[in-house]
Amino acid sequence: EGLVGALQKRIDTVEQRVGISARVVMEDFIEFPAPVEEELYRIAQEALNNSLKHAKATRVTVRIFIEEDKVILEVNDDGTGFEPRSAEAQGGMGLLNMNERAKRAGGSLFIHSDMGMGTTIQVVLPIELVHAPV
């Protein structure tokens with residue numbers, strides 16, 4: 001079913017059942033190698049779990065797109081936000097695991113969050129790692 005199908009299935013099963021407005025958007029056709037796809041799914045799954053459990057989000061968007069010479073998977077929520085450094089210092093294993101998974105996929109993880117303003121998790125991969133029309 002591919003990355004988008006797997007993420008949509010997750011959203012249909014979890015987020016929409018608890019009343020969170022969620023969607024998956026793939027802006028460009030991108031075919032991921034299976035190991036990269038697995039890591040990206042697990043990262044998105046962890047970000048969705050965090051939005052549900054900690055952020056009290058009401059809206060979540062998972063976006064996959066190409067920007068210049070990069071492929072980006074982005075999970076954005078409208079939740080409470082948090083201080084990433086504090087969470088890491090408190091031993092937040094989820095963030096650590098997402099970072100490790102991004103590295104294994106050949107990319108980097110970026111976290112943008114402000115208290116009361118939601119959170120955006122981005123995995124940025126070099127386009128050479130995927131099959132995408134340019």
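Here are some notes:
- Based on protein heavy atoms only, the chain ends up with 55 Å² per residue of surface accessible to a 1.4 Å probe.
- Relative contact order of segment 31-82, pairs being alpha-carbon contacts under 8 Å that are 6 or more residues apart, as %: 32
- Angle in degrees between helix 93-104 and the longest Cα principal axis of the chain, rounded to the nearest 10: 10
- Alpha carbon centroid spacing (whole Å) that separates segment 38-60 from segment 100-130: 13
- Carbon + sulfur, % of accessible area of the chain - ligands and nucleic acids excluded, 1.4 Å: 50
- Net lengthening on full extension, residue 110/residue 31 (0.36 nm per residue, minus Cα-Cα): 26.2 nm
- Relative contact order (percent, whole number), the chain, Cα cutoff 8 Å, 6+ residue spacing: 27
- Structure remark: mean-square fluctuation, Gaussian network model of the chain, C-alpha springs under 10 Å; the largest value among 21, 108, 86 belongs to 86.
- Shape call, the chain: gyration tensor on alpha carbons, a/c limit 1.5: oblate
The values are calculated or read from the model by the stated rules, or taken from the named source; none is laboratory data. As the structure is a computational prediction, the values presented were derived from the model and not from experiment. Side chains included, ligands, DNA and RNA excluded: accessible areas come from the protein's heavy atoms. Shrake-Rupley method; radii C 1.70, N 1.55, O 1.52, S 1.80 Å.
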